[in-house]
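The values are calculated or read from the model by the stated rules, or taken from the named source; none is laboratory data. A quick note: this is a predicted structure, and the numbers were derived from the prediction, not measured. Virtual Cβ from ideal backbone geometry, glycine too; neighbours counted across all protein chains shown.
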Amino acid sequence: MDDPDADAIATAALSIPGVAGLHGGAAQEFAAYLPGRTVAGIRLPGDRVEVHLAARYGTVLPDLAERVRAAVNPLAAGLPVEVHIEDLRVDDEPVPTGTADRGSIEAGLVGTGLVGPDASGAARG
C-alpha cells in the first residue's frame, strides 16, 4: 500500500465547506516535512494521519470533523484519520500560522466521540 500523500490530504480537507484553512500550530509543529518544503496542518507520524485545521465560526464542529475525516479516509492508506480543530475564524479572516487555542476547542468536542484522551493523556480527534 502507498504512503499517504500530504498534498492530496490537504486538498481534500480544504475542499470541505466550513474549513477556513489548515493550521500548522503555534510553532509549526503540525506539518508534513517533504523534500524542500512542508505541508502545514498535515502530520503523517506513520501510524495515523492527522489533519489540523481552523474552522469557520458557526460551523457545527463535530459534523465538520466527520466530513473532513470522510474526505481524507480514502487517501490515508488504511491509517486512522484524526481531525483536530485548532482555531475558529470569522468570515474571511486569515488563518494565522502562529496561534492556536486547541484546549478550548477540543474540550468542547470531548464526549462527542470525535476526541478523547489517548494513552499519553493528549486529546485525540
Take the range 48-58 and flag every residue that is surrounded by fewer than 19 Cβ atoms within 10 Å (Cβ to Cβ) and either outside any loop (DSSP other than H, G, I, E, B) or at pLDDT 95 or above (or both).
Arg48, Arg56
For the structure I just gave you, tell me whether Leu44 is within 18 Å of Ala76 (Cα to Cα), surrounded by 18 or more Cβ atoms within 10 Å (Cβ to Cβ) and of a type in the set (A, V, I, L, M).
yes
Which numbered condition trips up Gly125, out of (1) at pLDDT 50 or above; (2) out of contact with any Pro (no Cβ under 8 Å at 6 or more places or on another chain); (3) closer than 18 Å to Leu44 by Cβ; (4) of a type in the set (Gly, Ala, Ser)?
(1)
Set Val39, Val68, Val83: member being touching a strand residue (DSSP E or B) at 6+ places or on another chain (Cβ under 6 Å) and closer than 15 Å to Asp5 by Cβ
Val39
If I filter the range 1-12 down to residues being in contact with a strand residue (DSSP E or B) (Cβ under 7 Å, 6 or more places away or on another chain) and in contact (Cβ under 8 Å) with a residue 60 or more places away in the chain, which single residue comes out as surrounded by the fewest Cβ atoms within 10 Å (Cβ to Cβ)?
Pro4
Filter the range 13-33 down to residues that are closer than 24 Å to Gly78 by Cα and exposed (fewer than 13 other Cβ atoms within 10 Å of the Cβ), then give me how many there are.
3
